[in-house]
Amino acid sequence: MEVDTPMLSQYATPDRHLDSLKTAVRLPGQATMQTYYLHTSPEYPMKRLLCAGSGDIFYLGKVFRNGDLSPRHQVEFTMLEWYRLGFNMVEMMQEAAHVIQVVLGDLPIEAITYQQAFQKYANLANIHNATAADCRACLRAFNIPEVVGVEADDKALWEQLVLTEVIEPQLGLERITCLSHYPARDAALAQISTENPQEALRFEVFVQGMELANGYQELQDGEITHQRFQQSLQQRQADGVESVPLDERLLAGLTEASLPACSGVALGVDRLFHLALGANQLSEVMPFSIENA
Amino acid sequence: MASVSTSEFKNGLKFLMDGQPCSIVDNQIVQPGKGQAFNRVKFRNLITGRVLEKTFKSGEKVEAADVMDTDLQYLYTDGEFWHFMDPASFDQYQASEAAVADVQKWLIEQDMCTVTLWNGDPISVAPPKQVVLEVTETDPGLKGDTAGTGGKPATLSTGAVVQVPLFIQIGEKVICNTQTGEYISRAK
């Protein structure tokens, strides 16, 4: 079922690395303008619908991310997000890859875990045990330009750089690559693997080195969701980034009736067209990019 | 000196890197969505002309460089320095050989050039896109030849050597493209 969720909300995602656009809304009975946020994805209202018993749902529409502008990013872009009851991560990954095949043709599908990808594409045998120095040596070995502003011992950040600078450009070449089992610290609202608590049941799908989709086997528990939100807020505070109001309606919904067992995925539609049409940048496949809005 | 954050990075922004002025030629945001954002930056060292690449953690700051492009008239060279003048203020600037190394052979007295000043001193010079120069030396060519059927080297009055059509003779004036170093046409 297609659902229509609000773009404008009094709540925003606390995710440390997502910046919601905000606007001032005049409401009757309020002396001052109220702050409302434009959604970065329809995830929270969709989860409220799932809690209320909607069953499988999808959203196709605009989302907004402040500050994101590059050949691969637009502040306003089109997202296809959908949820499947009873699907585990692997089933969701396959379905996401099949949807991509509908547009890009019958490319072969490859599934690889985060840890395997570091081994195969960056020669780092066990990334979970590797040190910051191992990651820096890897960047040097692959002739990655010097990095400015990262502490020498910040392993998580050096690991991220190995992923974005060394591994991602090698993913999805003439194929659809599903990268799964991200580290638990990147779980967002994905479940943690019961087999390995270092890993989250989160995946991303890559074609030609470009991330097309991001999905989770969804966290169901309201209490843990609340803890993850609090951690994000603390991280914002530690980094001096503005705080946001947490979506209490989502948290209440998850507490009253926990989320049914499901998986969900969000797919960047403009990026899919970008690849299908062989464009050089996202704005070429959009009738009105922000530069032209 | 003012500092500039990565959020203000854009093409053409001038900043100091290792004490030398640089200009951004490409700035791309790497925004993984789930992690720290970075700026992948290509920049030209304005003194050496070399293009370098670095990845900055978003939010990092660099020192702004007092670099500006200004239109100046080329006056003359005394062999050690190349002298330029602002035709409005009559202020004079002297450029070292390093600053004019690549373009010396296109500098013609009285021509307007774009001179890049760093803290008030010329560090690079861009001559006009097209210049008119006299041929001082070339082999005699054959009559009836037209442009496009081969050519021959010709030395111009500034010392520049370009390929010209066979019909060009010593003493004639030719128009050259200073960026490609190619002959364009005979000057009238």
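The values are calculated or read from the model by the stated rules, or taken from the named source; none is laboratory data. All figures in this text were calculated on a predicted structure; none of them were measured in a lab. Ideal geometry is used to build each Cβ from the backbone, glycine not excepted, and the neighbour counts take in all protein chains shown. Side chains included, ligands, DNA and RNA excluded: accessible areas come from the protein's heavy atoms. Shrake-Rupley method; radii C 1.70, N 1.55, O 1.52, S 1.80 Å.
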ask   = Taking only pairs six or more apart or across chains, which ones have beta-carbon atoms under 8 Å, a first residue in the range B:1-12 that is within 17 Å of A:D68 (Cα to Cα) and touching a residue at least 24 places away in the same chain (Cβ under 8 Å), and a second residue that is open to solvent by 60 Å² or more (accessible area, probe 1.4 Å) and part of a strand (DSSP E or B)?
value = B:S5/B:K61; B:T6/B:K61
query = Does the range A:123-139 contain any residue that is within 13 Å of chain B (Cβ to nearest Cβ) and in contact with a Phe, Trp or Tyr (Cβ under 7 Å, 6 or more places away or on another chain)?
reply = yes
query = Which members of the range B:49-72 meet the condition of being open to solvent by less than 80 Å² (accessible area, probe 1.4 Å) and more than 8 Å from chain A (Cβ to nearest Cβ)?
reply = B:G49, B:V51, B:S58, B:V62, B:A64, B:A65, B:D66, B:V67, B:T70, B:L72
request  = Scan the range A:44-56 and give yes if some residue there is within 13 Å of chain B (Cβ to nearest Cβ), of a type in the set (D, E, K, R) and open to solvent by less than 30 Å² (accessible area, probe 1.4 Å), otherwise no.
outcome  = no
key: Close pairs (8 angstrom Cβ cut-off, 6 or more residues apart or separate chains): among the acidic types (D, E) in the range B:162-188, part of a strand (DSSP E or B) anywhere   = B:E172/B:E134; B:E172/B:V135; B:E172/B:R186; B:E182/B:V162; B:E182/B:Q163; B:E182/B:C176
ask   = Would you say A:L69 is within 14 Å of another protein chain (Cβ to nearest Cβ) and open to solvent by 60 Å² or more (accessible area, probe 1.4 Å)?
value = yes
query = Quick one: is B:K10 within 14 Å of chain A (Cβ to nearest Cβ) and touching an Asp or Glu at 6+ places or on another chain (Cβ under 8 Å)?
reply = no
task = Residue by residue through the range A:108-122, note down the ones that are open to solvent by less than 40 Å² (accessible area, probe 1.4 Å) and either in contact with a Phe, Trp or Tyr (Cβ under 6 Å, 6 or more places away or on another chain) or over 21 Å from A:D154 (Cβ atoms) (or both).
result = A:E110, A:I112, A:T113, A:Y114, A:Y121
query = Which of the residues belonging to the range A:140-150 are within 14 Å of another protein chain (Cβ to nearest Cβ) and not acidic (D, E)?
reply = A:R140, A:F142, A:N143, A:I144, A:P145, A:V147, A:V148, A:G149, A:V150
key: Test result for A:G29, more than 24 Å from A:E256 (Cα to Cα) and assigned to a strand (DSSP E or B)   = no
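Quick grid of which residues meet (1) outside any loop (DSSP other than H, G, I, E, B); (2) over 17 Å from A:Y182 (Cα atoms); (3) of a type outside the set (S, T, N, Q):
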residue	(1), (2), (3)
A:A130	no, no, yes
A:L139	yes, yes, yes
A:L157	yes, no, yes
A:Q160	yes, no, no
inquiry  = Of all residues being closer than 22 Å to A:L267 by Cβ and among the acidic types (D, E) in the range A:171-206, which is farthest from the chain's Cα centre (by Cα)? Just the residue, please.
reply    = A:E174
inquiry  = What's the number of the only condition in (1) of a type in the set (A, V, I, L, M); (2) touching a Phe, Trp or Tyr at 6+ places or on another chain (Cβ under 6 Å); (3) surrounded by fewer than 18 Cβ atoms within 10 Å (Cβ to Cβ) that B:V131 fails to meet?
reply    = (3)
inquiry  = Consider the range A:167-178. How many of its residues are away from chain B (no Cβ under 12 Å) and open to solvent by less than 30 Å² (accessible area, probe 1.4 Å)?
reply    = 5
key: Any hit, the range A:2-14, residues being hydroxyl-bearing (S, T, Y), out of contact with any helix residue (DSSP H, G or I) (no Cβ under 8 Å at 6 or more places or on another chain) and not in a loop (DSSP other than H, G, I, E, B)   = no
Matching residues, the range B:13-43, being more than 8 Å from chain A (Cβ to nearest Cβ), in contact with a helix residue (DSSP H, G or I) (Cβ under 8 Å, 6 or more places away or on another chain) and more than 14 Å from A:G149 (Cβ to Cβ) = none
Within the range B:81-188, strands (runs of 3 or more DSSP E) holding 3 or more residues that are under 30 Å from B:Q20 (Cα atoms) = B:82-85, B:92-95, B:112-118, B:121-126
request  = Can you tell me which residue among B:T77, B:T116 is closer than 30 Å to B:T6 by Cβ and either open to solvent by less than 30 Å² (accessible area, probe 1.4 Å) or of a type in the set (V, I, T) (or both)?
outcome  = B:T116
